[in-house]
Amino acid sequence: RYNNFTVNSNGLLRFGTSGISSSQTGNGFPLTAANGAILAPFAGDIRTSGTGKIHSLVTGNAPNRKCIIEFLNMGLGAGSITANGTFQVILNETTGIIQYIYGGMTIASTPGVSGTESVVIGLSSDNVNTKTLSINHGSFASNTTIPATKNNYTTTGNIGSLNSAANGSRREIKFTPP
């Protein structure tokens, strides 16, 4: 278990005291993670919009706390500054369960959506096979080999399998430890 984490605006979270580079995206995932495991709820060339922010909150009481990290109003797509993506990472203290929760998720009509716009959804404890897991968000099939599954976008609009703008019907990806 870890006591510290860092995040970047490209949708990555690294456990431990070593910071994650602000320029690191989903390209090259999994990262060498000798200094901490990596979570990738939506790792790509994204950024905070004018109304966006990345913030965290701890709820509950020990030993049943939850740490919620929210990427609010992120600009999805290369060069996008439009507030069109919100997602959360929930870390459950006792169970070790990791949840990715998705709100409104839309690729804006910006430059960069050209078939090479891609994101990685997954996690990694090292950059070798069996220590990484990536998800195809269209089929929700998992991949434990390298290279990681990349989810490519060639058009703008809602990301159908992740977009869930209504409370109570959010898309969730859950990782349960053995």
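The figures follow:
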{"item": "Partners for Lys150 among lysines (Cα-Cα distance below 24 Å; same-chain residues under 8 apart left out)", "result": "Lys131, Lys174"}
{"item": "Principal semi-axes in Å for the stretch 1-101 [√(5λ), Cα gyration tensor, largest first]", "result": "23, 17, 10"}
{"item": "Share of alpha-carbon pairs per 10 Å distance bin for the chain, given as whole %", "result": "10, 40, 38, 11, 1"}
{"item": "Lysines whose Cα lies under 23 Å from that of Lys53, excluding same-chain neighbours fewer than 8 positions away", "result": "Lys66"}
{"item": "Low-density loop cleavage sites - trypsin sites (Lys or Arg not before Pro) in the stretch 2-96, where at most 16 other Cβ are within 10 Å (DSSP)", "result": "Arg65"}
{"item": "Semi-axis lengths (Å, descending) of the ellipsoid that matches the C-alpha gyration tensor of the stretch 1-57", "result": "19, 15, 8"}
{"item": "Mean Cβ neighbour count within 10 Å, used as a protection proxy, ranking 36-42, 1-7, 100-106, 58-64 highest first", "result": "36-42, 100-106, 1-7, 58-64"}
{"item": "Charge dipole of the chain about the Cα centre (unit charges at C-beta), most positive-ward option of Gly36, Asn8, Gly60", "result": "Gly60"}
{"item": "Accessible-area composition of the chain, carbon plus sulfur, in percent [1.4 Å probe]", "result": "49 percent"}
{"item": "Rounded accessible area per residue of the chain, 1.4 Å, Å²", "result": "48 Å²"}
{"item": "Estimated FRET transfer efficiency (Thr48, Thr6; beta-carbon r; R0 22 Å; 0.05)", "result": "0.90"}
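The values are calculated or read from the model by the stated rules, or taken from the named source; none is laboratory data. Just so it is clear, the structure is predicted and the values come from calculations on it, not from any experiment. Cβ coordinates were reconstructed from backbone atoms using ideal geometry, including for glycine residues, and neighbour counts include every protein chain displayed. The protein model used for the area step is the full one, side chains on, heavy atoms only, and it has no ligands, DNA or RNA in it. Shrake-Rupley method; radii C 1.70, N 1.55, O 1.52, S 1.80 Å.
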